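J.: Quick one: this structure, given as structure tokens, is what I'll be asking you about.
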Amino acid sequence: MNTKSYFFQSFAIVALAFVAFIGFKQILPDKIFPDSKVDSKNVLIDSLLLESVANDSLALKGDSISESEKKEAGEKITFNAAEGIEFPSETFDNYKGYQYLISFYEKLYQLEKNPQAKVRIAYYGDSMTDGDLIVQDVRSNYQERFGGNGVGFVSITSESAASRGSVKSTYSKNWKTLSYLNIKNPVSPFGVNGHVFFANDKSNTTWVQYEAGLNKYATTLDNPTLFYGRSSKKGNVNFIIGKDTLRKSLVPNNLINTLKVSSGSIKAFKANFIHADSIPIYGFNFDNGIGVHVDNFSQRGNSGLPISMFNANVMQGFNNSLKYDLVILHYGTNVLNYGTKNYSWYQRGMTKAVNKIKESFPGVSILIISTADKSTKYDMEMKTDSAVVPLMKAQKRYALETESGFVNLYTLMGGDGSMVKWVDESPAKANKDYTHFNQRGAKAIGKLLYDQLNKGYEQYKALRENRETDVNKRKAVRKTNTDSVSVKNDSVND
């Protein structure tokens, strides 16, 4: 075959392939061809997830429901009373675990009695909560009822900074960012947000700037406070507020140190870090000191497994200032894509992560939120991905095993086929990737999550008040008996 004919044959093959591609594109799921371009340079890969999948995720791939699972589904779950309160028994199928949220519910109860008290929630998640989606709606629902202003803890840099509306942040390009998604042994420990930042300020100023957003309970930056770590060298930071500049020193003597920018509320400020390149910087906290505050620790690509790498001493240092009452773990999106329906490996890994949370924040309540529905194309039709239910059950198992509360987001949003409905309805509540919610859907999910948590709280209040009534009755009976004995003794003495 001469070179010329070979060229034309090759060209014909390429042309046919292109035509076939265009044809198949019309029938393949939209998620393969997203409408918006993904900025891949900002997407980190969860190294622990990849390791776990490589080690044993493909050990078992059976689709059938085993006899043990059938027995598990109807198994009765009873609870031991805590503080004299015992929630009704549940089955594995309907498990919510309100019993294990009692310490959180008690804090809410005390806040209702005393509006000057404070309750704090750490909400860890993946791309589902990117840009403060879902979390900002959980936050606003709690602040609507219990009070509180502010967006809570905000990292120095974030891949979702530009899309987040609850607080606006910009930063210089010379920050060095270390993430627990792809680094196991950072030069300084990760912060409560799973990151640590360093100001590379030797040639250019390293800075970060915050401005309050438009959300109802976050129109100001309340009591802005910097969190930073330990170093052998000191540094400085200049806070620019309007036309004023406040020059302050960074004294990194403790594992976790704080520096208040100003008291009260401001609209915006800029922080310039000077000679601070050796000091681990974590982020700023914004809250007015009363009511409910919810920190969003979202990270694209996260499976939740990296939480097991937290340094418990460092976390306790954060907790000394932030004082968490509830930790929410909302993961699953990134765990569905690895061709397995046996999630025992993930169950083991997340059990370890939950136990690290318990070690890091002693006495805290923990809530596990399952994967949402996700759709994949089967026989030319978009249906619930076959991995969704097995993953949800694994998440429920480690919630039960670790004595954590549980939200079955898959059934909460409608169960089988629900993601297709959320995408196809008008107006749509989910994106064409059939995985992520849009702002409208995120708001609905935030309300569903709050409603389930609040339902448990209302049950707790009823149980608590019934307990108090019983205690008061017993006291009244004892007093009556004591008074009767006293009267009899007086009669005898007379």
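J.: May I ask you to give the percent of accessible area on segment 154-288 that is carbon plus sulfur, with a probe radius of 1.4 Å?
T.: On the way: 2870 of 6050 Å².
Carbon with sulfur: 47 percent of the solvent-accessible area.
J.: Still on this structure, I have one more. Provide the per residue accessible area, probe 1.4 Å, for segment 154-288, rounded to a whole number of square angstrom. If you can, show how the numbers build up before the last one.
T.: On the way: 6050 Å² over 135 residues.
Each residue of segment 154-288 exposes 45 Å² on average to a 1.4 Å probe.
J.: If I ignore ligands, DNA and RNA and count only protein heavy atoms, how much of His275 is accessible to a 1.4 Å probe, in Å² to the nearest 10?
T.: 130 Å²
J.: Averaged per residue, what accessible surface does segment 420-470 expose to a 1.4 Å probe, in Å²?
T.: Per-residue value: 49 Å².
J.: Here is a follow-up. Using a 1.4 angstrom probe on heavy atoms only, work out the carbon and sulfur share of the accessible area of segment 321-401 in %.
T.: Numbers: 1280 of 2630 Å².
Its accessible area is 48 percent carbon and sulfur atoms.
J.: Rank these by accessible area, largest first, 1.4 Å probe: Asp132, Asp379, Asp244. Provide the component values of the computation, followed by the final result.
T.: Numbers: Asp132 0, Asp379 145, Asp244 100 Å².
From most accessible down to least: Asp379, Asp244, Asp132.
The values are calculated or read from the model by the stated rules, or taken from the named source; none is laboratory data. Keep in mind the model is a prediction, meaning the values are calculated, not measured. Keep in mind that these areas ignore ligands, DNA and RNA; they rest on the heavy atoms of the full protein, side chains included. Shrake-Rupley method; radii C 1.70, N 1.55, O 1.52, S 1.80 Å.
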